[in-house]
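Nothing in this text is a laboratory measurement; each read-out follows from the coordinates by a stated rule. What you see is a predicted model, and the numbers here were worked out from it, not measured in a lab. Counting neighbours? That spans all protein chains shown, and the Cβs are built from the backbone with ideal geometry, glycine included.
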Amino acid sequence: MIIIGFDSEWVYLPEEHRNHILSYQFTVLTTSSECSGIVYTEGPELKHRWKLSDLLGHAIQVAREQGVLGRSWPQEVCAAAHFTRADLAAFRDNRKLRTEFDNLRGSFSTITKPHECTFYDSAKHARKLKVHLVDTMAIAPGGTSLAAVGDLHNFPKIELPPGSIERMDVLLDREPELFRNYAIRDAEISARHAHRMRQFSCEEGLGDEVPLTIGSLATKFLTNLWNQSGILPADVLGTEEVTESVWTGKRYRKTKKSVFKTLVAEYEKIATEAYHGGRNEAYTFGLTEGDFWFDFDLAGAYSTAMAAIKIPALLNFEWAMRPAG
């Protein structure tokens, strides 16, 4: 599946209390090649905004013309942007898109099913497309800006003169080449980060798709370690598989699901509510003598400590549930 990073540039119109979308930019990235481009809107009115399918379809056409993609039209794409909640707002079909994608940490991604749309190419052929949306904020360290993500890949954002961000329309008019390079760079960073995370996932045997979150990637990594070590998840988590009958409206259908074992279920809530995070103590206060003071901390202290914990003794429930005496 090809990756298409996308972004938009805009300027706020105070007299109209809305944003004027100045441009859309994209980067098409495959395992062996890439290309980028930018399209400028014709005016500030809503009718001049593009649909998401327009931009993705245009990006695919450009990539095919430049030899980045083959002759066949891709049926599915991974669309990547940094903080998609803001990026989707730039499209004319924003209201529909918000119902097509899933809410993930206050932004939008594809969790359940891809967004299906149609693009009419330059030959007026209808091209069906399934869009898997990825927010690169969710696959970067918490709170990481796009600039910081670019630095991770030695691909920094382009610096602009002071005050340019607030008046991108002026920058476009006075320095169009700088505007273009700055705008495209944001789409390039999103595409490169999504590509690298997919590459990492493949290398570690965690799947061949761009992960949704760092947490989901960590869960897959842990599950793989358990499998390699012959550890059953049920032994660690204290769960068991049960079968239940569910009425479908016509007949009963048997389904299997994982539930906590009886004794674990009784104490699971207590253990969950007992956790309140870390705590630091200072045993000296007030004036102190001049000296060098060191505050030592362990990188990844929680994960390091938890790695030393053995599998909980959750197996012998018959003995645990025996009446006293």
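Please arrange TRP50, TRP226 by counting, for each residue, the other beta carbons lying within 10 Å of its beta carbon, fewest first.
Ranked by crowding around the Cβ, least crowded first: TRP226, TRP50.
List the lysines whose Cα lies under 19 Å from the Cα of LYS96, skipping any in the same chain that are fewer than 8 positions away.
LYS47, LYS51, LYS113, LYS128, LYS130
Which of the aspartates and glutamates could a cross-linker span from LYS257 if the Cα-Cα distance has to be under 15 Å and same-chain partners fewer than 8 positions apart are dropped?
GLU240, GLU241, GLU244
Sort 55-68, 234-247 by packing, meaning the average of other beta carbons within 10 Å per residue, with the highest value first.
Per-residue mean Cβ counts within 10 Å order the peptides as 55-68, 234-247.
Compute the FRET efficiency between ALA89 and GLU166 as 1/(1 + (r/R0)^6), taking r as their Cβ-Cβ distance and R0 = 25 Å, and round to the nearest 0.05.
Result of the calculation: an efficiency of 0.90.
So if the hydrodynamic radius of the stretch 2-216 is defined as the Kirkwood radius over C-alpha pairs, what does Stokes-Einstein give as its diffusion coefficient at 20 °C and 1.002 mPa s, in µm² per second?
121 µm²/s
When the distances between all Cα atoms of the stretch 1-77 are binned every 5 Å from zero, what whole-number percent does each bin get?
3, 15, 25, 20, 13, 10, 7, 4, 2, 0
Please determine, in degrees from 0 to 90 and to the nearest 10, the orientation of helix 214-229 with respect to the longest principal axis defined by the Cα atoms of the chain, where the helix direction is its Cα long axis.
50 degrees
What ranking of THR112, THR30 emerges when the number of other C-beta atoms within 10 Å of each C-beta is taken as an exposure proxy, fewest first?
Ascending number of Cβ neighbours within 10 Å: THR112, THR30.
Can you tell me the length gained on complete extension of the stretch SER303 to TYR252, counting 0.36 nm per residue apart and subtracting the Cα distance?
Here the answer is 14.0 nm.
How compact and how long is the stretch 152-288, expressed as Rg and Dmax of its alpha-carbon atoms in Å?
26.3, 78
Could you list MET137, MET1, MET168 so that the one with the fewest beta carbons within 10 Å of its beta carbon is first and the one with the most is last?
MET1, MET168, MET137
Report the extension gain between GLN228 and ALA126 in nm, rounded to one decimal, defined as 0.36 nm multiplied by the number of residues separating them, less their alpha carbon distance.
32.0 nm
Please give, to one decimal in nm, the separation of the simple spin-label points placed at LEU178 and THR262, each 7 Å out from Cα toward the Cβ.
7.4 nm
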